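The values are calculated or read from the model by the stated rules, or taken from the named source; none is laboratory data. Note that this is a predicted model, so its numbers are computed, not measured. Methodologically, a virtual Cβ is constructed for each residue, glycine included, from the backbone with ideal geometry; neighbour enumeration extends over all protein chains shown.
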Amino acid sequence: MATQVASHRCCPACGGNGGGSLVANIALRTPDGHPLGSGYQVASCSACGCGFANVPEQTPYYEQYYASLAKYANEALTERLSKKSGRPDSDLEPVWVSEKAASSARRIRDLVPRIDSRVLDIGCSTGSLLAALGRLGYRELHGVDPSAESVYQANARAGINAEVGTFSSIPVGIGTFDLICATGVFEHLWDVGAAVRSLLPLLRADGVIYVEVPDARRYLDPYVSPYEDFSTEHINHFSATCLRWLASRFGLKTISEISYEAPLTEEVLTGCVAVAWTRASSLKIPEQRDNDLEKQLIAFSEKSIHDLALVSEGLELALSASSGYILWGIGEAALKLLALPVLNSREAVLYVDGNPSRWGFRFGGAPVVTPSSISSGRTPIIAGSFIRADSIVEAASQLGLHNPIVRLDL
């Protein structure tokens, strides 16, 4: 029988606060000042089965975090500055990002075919989805994102009007919409219910809310890496059933749902679920808990534990002659690696990342620095990513580094 835990936050799907089953204990070493500290529990709601990070709400921290992180915006910004271009270049967007957005746009067209529909993408990032809808003929394209750099790049695309904002601070006078999109957003939010509630005044009577999230039933299909989806960013773990629970809380009904695979990078696929909601004439609460989701989350946790043990053994062997190491890549995988005894017992000579938004992070006072700070030598470089190790190896070669590189390949 699963261990029962008290809930420190409301369930992101049903809104309940009756505790749940323990799914996983996530050990982390987070940057100085991060609210998740040394880790957290993942629980499965006792009422509906939805998975969630079982820690007190941290909305103010995360709103600031996403305003400054802007992962995709910073990747394009770095490239733009290196080319000394004055304006964003849409060609800098990775092909897989454009293709993913195009697939979403085609699904949306089937639901809302009128190209004169007024569209809002909240959490629009650099405007990929809005641009894809524009290529299908939609003309009233509006976006909201917490990142000023993302908004800047979205507005550089033809036909898009984007503004800085969040669910709790939607721009005044933005109007109402036939279609509201939230793709890759709800898994990040501490108060999903408040987010949905904030959209209702913006939704026209016959309007559609379109949502995409990772499909938590499919964390093993396809499996990406240990605890890939149990992260400091993905703090809610939905299935289609859980999204029906969420919709029903706000008088919404599900008119479409589909599970599919989408690119996570140019070479890696991940499972996703897309749903569409409209206003319902009567409230209908789902009758069943998603017990299968809890089983899938536990199975994912068990495989992750097994694979992290293999990684730890590999690191112990690779670092057996070294008292220190350089960690290149301060993403989600790295935060879990740093909690392993094999790295805790050794000195991190440098923390390195190519994303400028991470250069302000510190670990025990030591800053994250640019890859150009590495001196060629014998100190091993750990490629701190399961899915981007090749790019780290290539970048090290371009810098002329001769350090041994330790990969996390399973």
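Brief remarks follow.
- Note on region 329-346: residues that are under 21 Å from Glu233 (Cβ atoms) and not in a loop (DSSP other than H, G, I, E, B) amount to 6.
- Strands (runs of 3 or more DSSP E) within region 347-387 that include 2 or more residues under 22 Å from Glu228 (Cα atoms) and within 27 Å of the chain's Cα centre (by Cα): 347-352, 381-383
- Test: residue in region 217-239 that is of a type in the set (Val, Ile, Thr), buried (at least 19 other Cβ atoms within 10 Å of the Cβ) and assigned to a strand (DSSP E or B): no
- Taking region 49-65 as the range and being under 15 Å from the mean Cα position of the chain (by Cα) and hydroxyl-bearing (Ser, Thr, Tyr) as the test, the residues that pass are Tyr62, Tyr65.
- Set side by side, the residues Ile381, Ile374, Ile387 differ, and just one is outside the structural domain of Tyr66 (by TED's automatic domain parsing), among the aliphatic types (A, V, I, L, M) and modelled with pLDDT under 95, which is Ile387.
- Segments classed as strands (runs of 3 or more DSSP E), wholly inside region 124-208, with at least 3 members that are touching a Phe, Trp or Tyr at 6+ places or on another chain (Cβ under 8 Å): 177-183
- Qualifying residue in region 295-307 (condition: of a type in the set (S, T, N, Q) and under 21 Å from Ala348 (Cβ atoms)): no
- Residue in region 156-166 that is of a type in the set (Gly, Ala, Ser) and under 17 Å from the mean Cα position of the chain (by Cα) present: no
- Candidates Val55, Val23: the one that is in a loop (DSSP other than H, G, I, E, B), hydrophobic (A, V, I, L, M, F, W, C) and touching a His at 6+ places or on another chain (Cβ under 9 Å) is Val55.
Yes or no, residue by residue, for (1) at pLDDT 60 or above; (2) crowded, with 16+ Cβ neighbours inside 10 Å; (3) part of a helix (DSSP H, G or I):
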site: Tyr72; (1), (2), (3): no, yes, yes
site: Ala76; (1), (2), (3): no, yes, yes
site: Glu79; (1), (2), (3): no, no, yes
site: Pro88; (1), (2), (3): no, yes, no
site: Ala102; (1), (2), (3): yes, yes, yes
site: Arg114; (1), (2), (3): yes, no, no
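- Complete set of residues in region 263-288 that are farther than 23 Å from Lys336 by Cα and modelled with pLDDT of 95 or more: Cys272, Val273, Ala274, Val275, Ala276, Trp277, Thr278, Arg279
- Scanning region 287-316 for residues that are assigned to a helix (DSSP H, G or I), of a type in the set (Asp, Glu) and surrounded by 19 or more Cβ atoms within 10 Å (Cβ to Cβ) yields a count of 1.
- Hits in region 11-67 - residues which are among the small types (Gly, Ala, Ser), at negative phi and touching a residue at least 40 places away in the same chain (Cβ under 8 Å): Ala13, Ser21, Ala24, Ala27, Ser38, Ser44, Ser46, Ala47, Gly51, Ala53, Ala67
- Summed over region 171-202, residues that are surrounded by fewer than 17 Cβ atoms within 10 Å (Cβ to Cβ) and β-branched (Val, Ile, Thr) total 3.
- Only a single criterion out of (1) closer than 25 Å to Gly329 by Cα; (2) surrounded by fewer than 17 Cβ atoms within 10 Å (Cβ to Cβ); (3) modelled with pLDDT of 95 or more is not satisfied by Pro94, namely (3).
- Ser320 being free of Cβ contacts under 8 Å to residues at least 40 places away in the same chain, more than 23 Å from Thr232 (Cα to Cα), of a type in the set (Ser, Thr, Tyr) and part of a helix (DSSP H, G or I): no
- Within region 317-328, the set of residues being surrounded by 15 or more Cβ atoms within 10 Å (Cβ to Cβ) and of a type in the set (Ser, Thr, Tyr) comprises Ser322, Tyr325.
- Region 145-170 - residue that is touching a residue at least 40 places away in the same chain (Cβ under 8 Å) and of a type in the set (Ser, Thr, Tyr) and, of those, surrounded by the fewest Cβ atoms within 10 Å (Cβ to Cβ): Ser168
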